[in-house]
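Presented below is the structure to which this report refers.
Bear in mind that the values in this text are calculations on the coordinates, not laboratory data. Nothing here was measured: the structure is a model prediction, and the numbers come from that model. Note: ideal-geometry Cβ built from the backbone for every residue, glycine included; neighbour counts use all protein chains shown.
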Amino acid sequence: MKRTTFATLVAVSASLITSVASATDMASIVRGGRLYDNLSQELKIRTPNRPNPAFKTQQVRVAIADTWRCSQCHGWDYKGANGVVGITGKLKADPAAIVAVLKNPTHVGYEELLDDGDRLDLANFVAYGQTDMPKLVDAAKHVKANANSSEKIFATVCANCHGLEGDRLRQIPPLGDAARQRPFEILHVAFNGHPGGDMPALRSLGDDTVTKMLAYMQTLRSVNLPSSIANGGRLYDDWQAQLGGRLQALPHPSYPVKGYYANVPSETWRCKECHGWDYKGNQGAYASGIHATGTKGIRAMVGADPAKIMGVLSSSVHLFGNVMKYRDLLDLANFVSAGQVDVDKIIDVRTGKAKGDAAQGAPHFRTMCAACHSLDGRSPGKRFIGRVSNEDPYHALHNMLNGHPDDTMPALREVDPKVINDLLAHMQSLPVKR
């Protein structure tokens, strides 16, 4: 049996002490990385109600709170962004010197946000936590690693929260899309964890393992666009019902106080109530009558960048960023951009009648619809199909294409447009009352 010498014990003890110190340093570095990402989320505090004076660019529209994020000024590759210099020059610098920079006039305003411990963690990240992003990701945003070797790691380390395809969490974009579009940001989060969240920081696994995981993420599927659009159509109809949350107790601030539904708060929050079932707002069917609000339609947004539409939806005009998760906003934006149909091709604007063939639509209704709505469209507990499709054909068309909020009705938007037209025509031939 080999004897343990005193020298060996000393060496082991020194090793343990070094390991503990390294672990402490690593914890400080990853916390600094989360502060760099979004300090208000990490610290669970409010940022100042004024823009960061160091964020001087006028060409980029950024929320006031985001101007206080280090990542928005210095970039996810740490080389600078939005007119501000990067932090790569501070790599391996003395953390005490970096703390001094964080206290100087270029960072005015941060004295009320960060304490000494926060500054030290942030300085440790700047000095020791920066990753050479271009070394890991090429100019085309492709990760320089073999994706195949990390499927098992992703399936065990990440999938419990994100799902095997990386699209389980609705608070964030699907990981496949995020990894392809914003690889530097995703690498930063993988190394350091998510600010204010419970995602583990994977920095201790090493650059090679984390980079391979990112390469695997880039192979994951994107959002299913037709499904996203149909869900967005249901959100446009009544997002409160679709999301199963509480109805809004106060009227939407943008809804006219003299509007017909001003005293029915939940109605004022429905997109269709301002923009119409025909999507034309004050230029369409809602130009007059009890639904008229004077709000313009959304037809001009057809083909627009969904990211920009999400910005509009989150603005002070709509306030949907306060009540919807990221994926809900994305689905609604996808509907606005790519889900609107030209209703004039299906419904005669003068008569409100579908331009299809009712006889051709009959077999479709009897097979696809009658099980729920009955052959004559008057199933107990359901709206009379004949009445709805005649009194409000645009409403009926929208529901046919996207389904009902919080209901099992299928969305038929990928069905042949002629079938939709004929089906609506048949529905308009059904009885309107008992």
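Give me, ordered by chain and number, the residues 5 or more places off VAL137 or on other chains with an amide H under 5 Å from its own placed amide H.
LYS144
What's the exposure ranking of TYR260, TYR36, going from fewest to most Cβ atoms within 10 Å? Each step should come with its number before you reach the end.
On the way: TYR260 14, TYR36 25.
Lowest count first: TYR260, TYR36.
Strictly over 29 Å apart at the Cα level, which of LYS325/LYS355; LYS79/LYS308; LYS56/LYS280; LYS353/LYS382 would you flag in this model? Please report the intermediate quantities before stating the final value.
Details: LYS325/LYS355 38 Å; LYS79/LYS308 25 Å; LYS56/LYS280 38 Å; LYS353/LYS382 22 Å.
Too far apart for the 29 Å limit: LYS325/LYS355; LYS56/LYS280.
Under a straight-distance cross-link criterion of Cα-Cα below 17 Å, which lysines are reachable from LYS103, leaving out those fewer than 8 residues away in the same chain?
In chain and number order, the partners are LYS90.
Looking at region 293-374, which trypsin sites (Lys or Arg not before Pro) are DSSP coil and have at most 12 other C-beta atoms within 10 Å of their C-beta? Kindly include the intermediate steps, with their values, before the conclusion.
Details: sites: LYS296, ARG299, LYS308, LYS325, ARG327, LYS345, ARG350, LYS353, LYS355, ARG366; in loops: LYS325, ARG350, LYS353, LYS355.
Within region 293-374, the qualifying trypsin sites (Lys or Arg not before Pro) (loop, at most 12 other Cβ atoms within 10 Å) are ARG350.
Once phi is turned into θ = phi - 60°, what whole-Hz ³J(HN,Hα) does the Karplus curve with 6.51, -1.76 and 1.60 give for every residue of region 367-373, x standing for Gly and Pro?
So the Karplus estimates, Gly and Pro as x, are 9, 8, 10, 5, 4, 9, 9 Hz.
Under 8 Å for C-alpha pairs, at least 6 residues apart: give me the relative contact order for region 138-254, rounded to a whole percent. Display every interim value, and only then the final one.
Working: 118 pairs, mean separation 34.5, N = 117.
Relative contact order comes out at 29 percent.
Using the Karplus equation 6.51 cos²θ - 1.76 cosθ + 1.60 (θ = phi - 60°), what ³J(HN,Hα) coupling, rounded to whole Hz, does each residue of region 74-89 give in order, writing x for Gly and Pro?
With the stated coefficients, region 74-89 comes to 9, x, 6, 9, 6, 9, x, 7, 6, x, 10, 5, x, 10, 4, x Hz.
Let me check against my output: what whole-number percent is the relative contact order of region 358-427, with C-alpha pairs under 8 Å and at least 6 apart? Please list the in-between numbers first.
On the way: 69 pairs, mean separation 32.2, N = 70.
Relative contact order of region 358-427: 46 percent.
Would you grab the residues whose amide H sits under 5 Å from the one on ASP357? Only those 5+ places off in sequence or on another chain, please, with H modelled 1.01 Å from N.
Long-range HN contacts for ASP357: ASP422.
For ASP305 and LEU164, what does the FRET efficiency come to when R0 = 35 Å and r is the distance between their Cβ atoms, rounded to the nearest 0.05?
Numbers: r = 29 Å, r/R0 = 0.84.
Taking R0 as 35 Å, the efficiency between ASP305 and LEU164 is 0.75.
Of THR131, THR367, how do they rank once you tally other Cβ atoms within 10 Å and put the fewest first?
Values: THR131 22, THR367 9.
The most exposed by this proxy come first: THR367, THR131.
With θ set to phi - 60° and the Karplus curve 6.51 cos²θ - 1.76 cosθ + 1.60, what are the ³J(HN,Hα) couplings of region 377-391 in order, to the nearest whole Hz, using x for Gly and Pro?
For region 377-391, the Karplus curve yields x, 10, 5, x, x, 10, 5, 5, 4, x, 5, 4, 5, 8, 6 Hz.
Fully extended, how many nm does the chain gain between LEU319 and ASP94 (0.36 nm per residue separation, minus their Cα-Cα distance)? Don't jump to the answer; show the numbers that get you there.
Values: separation 225, 0.36 × 225 = 81.00 nm, distance 4.39 nm.
Using 0.36 nm per residue and subtracting the Cα-Cα distance, I get 76.6 nm.
Please state the relative contact order of the chain as a whole percent: Cα pairs under 8 Å, 6+ residues apart?
Relative contact order for the chain comes out at 12 percent.
Taking H as built 1.01 Å from N, whose amide H comes closer than 5 Å to the amide H of LYS296, not counting residues under 5 places away?
ASN282
Which one, [x] 1.10; [y] 0.99; [z] 0.94, gives Rg/Rh (Cα atoms, Kirkwood Rh) as derived from the coordinates shown?
Derived directly from the coordinates: [x].
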